[in-house]
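One structure is given here, and the rest of the page talks about it.
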Amino acid sequence: GIQVEQSPPDLILQEGANSTLRCNFSDSVNNLQWFHQNPWGQLINLFYIPSGTKQNGRLSATTVATERYSLLYISSSQTTDSGVYFCAVPNTGGFKTIFGAGTRLFVKA
Amino acid sequence: KAGVTQTPRYLIKTRGQQVTLSCSPISGHRSVSWYQQTPGQGLQFLFEYFSETQRNKGNFPGRFSGRQFSNSRSEMNVSTLELGDSALYLCASSPALNYEQYFGPGTRLTVT
């Protein structure tokens, strides 16, 4: 089945800093989602981005499907950005969705 | 629109018991998927239902089962609970198969 790798696994930022999170996948996909999991476990939709670039406030994402990667950009980070960021893609092998292991972000005040 | 709701939010069970978790999708969504999240294994797909039919199933033992009702609400059942079943169980709904998913707050199950 498809493999999904996220990097870096952990990231510590000072409030106000920018960051880039990466998601690599081993096979072609027709959709990709980015999620933020808050400390209470809730998965919050950030982007549904099979290809191209999208922006939502301080966050933006780019997926280059032909090169099998997606990037999530966080600008001017805030303490409320802390949590785990996941990317998820469909597995053509038959299972619905494969999640990466996540990037754990901590933003210091 | 109301989001995905899951009940109960927290549950403590004893080994050998069985448990039923419930998920109500966003109004109009017909696909419901279930995931298990543990510190060791991460987020793993359990199964997906669409129009009351199981469409996909993850690599979990037969103790894990589910169903979907005509109003798209879904339940999952775990029988003969084991300590390793302690996890956060997440439900997601989407308008159709292979489309954007929206997650509920999860049910945190502890097996003692």
In the range B:64-112, what residues drop by 50 Å² or more in accessible surface going from the chain by itself to the full protein assembly, probe 1.4 Å? B:N98, B:E100, B:Q101, B:F103
Quick one: ranking A:E15, B:E48 by accessible area, 1.4 Å probe, largest first, what do you get? A:E15, B:E48
Largest-first principal axis extents, alpha carbons of the protein assembly as shown, Å: 48, 35, 35
Would you work out the Kirkwood radius for chain A? I mean one over the mean of 1/r across all pairs of different Cα atoms, in Å. 13.9 Å
Surface per residue (accessible, 1.4 Å probe) for the protein assembly as shown, Å²: 47 Å²
Packing-based order for B:35-44, A:97-106, using average beta carbon neighbours within 10 Å, highest first: A:97-106, B:35-44
So what's the net charge close to A:S26: Lys and Arg +1, Asp and Glu -1, counting the other residues with Cβ under 13 Å from its Cβ? -2
Shielding of B:48-58 by partners, i.e. mean partner chain Cβ atoms within 10 Å per residue? 2
Shielding by partners for B:35-45, please: the mean number of other protein chain Cβ atoms within 10 Å of each residue's Cβ. 4
Dipole magnitude of chain A, debye to nearest 20 (Cβ charges: Lys/Arg +1, Asp/Glu -1, about Cα centre): 120 debye
Antiparallel content of DSSP bridges confined to the protein assembly as shown, in %, to 5: 90 percent
Relative to the Cα centre, what is the charge dipole magnitude of the protein assembly as shown, using +1 at the beta carbon of each Lys and Arg, -1 at the beta carbon of each Asp and Glu, and rounding to the nearest 20 debye? 400 debye
The range A:31-83: Rg to Rh, with Rh as the Kirkwood radius over Cα pairs: 0.99
Would you kindly find the accessible area of B:R63, with a 1.4 Å probe and non-protein molecules such as ligands, DNA and RNA excluded, rounding to the nearest 10 Å²? 40 Å²
Counting Lys +1, Arg +1, Asp -1, Glu -1, what net charge surrounds B:L11 among other residues with beta carbon under 12 Å of its beta carbon? +2
State the number of lysine pairs found in the protein assembly as shown whose Cα atoms come within less than 25 Å, restricting to pairs 8 or more positions apart or on distinct chains. 5
What is the distance in Å between the Cα centroid of the range A:57-109 and that of the range A:1-30? 5 Å
Roughly how large is the A-B contact in terms of buried accessible area, totalled over both chains, probe 1.4 Å, nearest 100 Å²? 1700 Å²
Please report, as a whole percent, how much of the solvent-accessible surface of the protein assembly as shown comes from carbon and sulfur atoms (probe radius 1.4 Å). 49 percent
For a quick protection proxy, order the peptides B:9-22, A:34-47 by their average other-Cβ count within 10 Å, most packed first. A:34-47, B:9-22
Between the chain alone and the structure with every protein chain in place, find the residues of the range A:23-66 that drop at least 10 Å² of accessible area; heavy atoms, 1.4 Å probe. A:N30, A:N31, A:Q33, A:F35, A:Q37, A:W40, A:G41, A:Q42, A:L43, A:N45, A:Y48
Beyond 25 Å, the calculated P(r) of chain B holds a percent of Cα-Cα pairs equal to 15 percent
With a cut-off of 8 Å between alpha carbons and a minimum separation of six or more residues, what is the relative contact order of chain A in percent? 37 percent
Taking the Cα atoms of the range A:47-109 alone, what are Rg (to one decimal) and Dmax (as a whole number) in Å? 13.3, 44
Proximal charge balance of A:G83 [Cβ under 13 Å; K/R count +1, D/E count -1]: -1
Among DSSP beta bridges whose residues both lie in chain B, state the antiparallel percentage, nearest 5. 90 percent
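The values are calculated or read from the model by the stated rules, or taken from the named source; none is laboratory data. For clarity, every value in this text was computed on a predicted model and none was experimentally measured. Reconstructed Cβ throughout: ideal geometry from the backbone, glycine too, with neighbour counts over all protein chains shown. We work out accessible area using only protein heavy atoms, side chains counted, and drop any ligands, DNA or RNA first. Shrake-Rupley method; radii C 1.70, N 1.55, O 1.52, S 1.80 Å.
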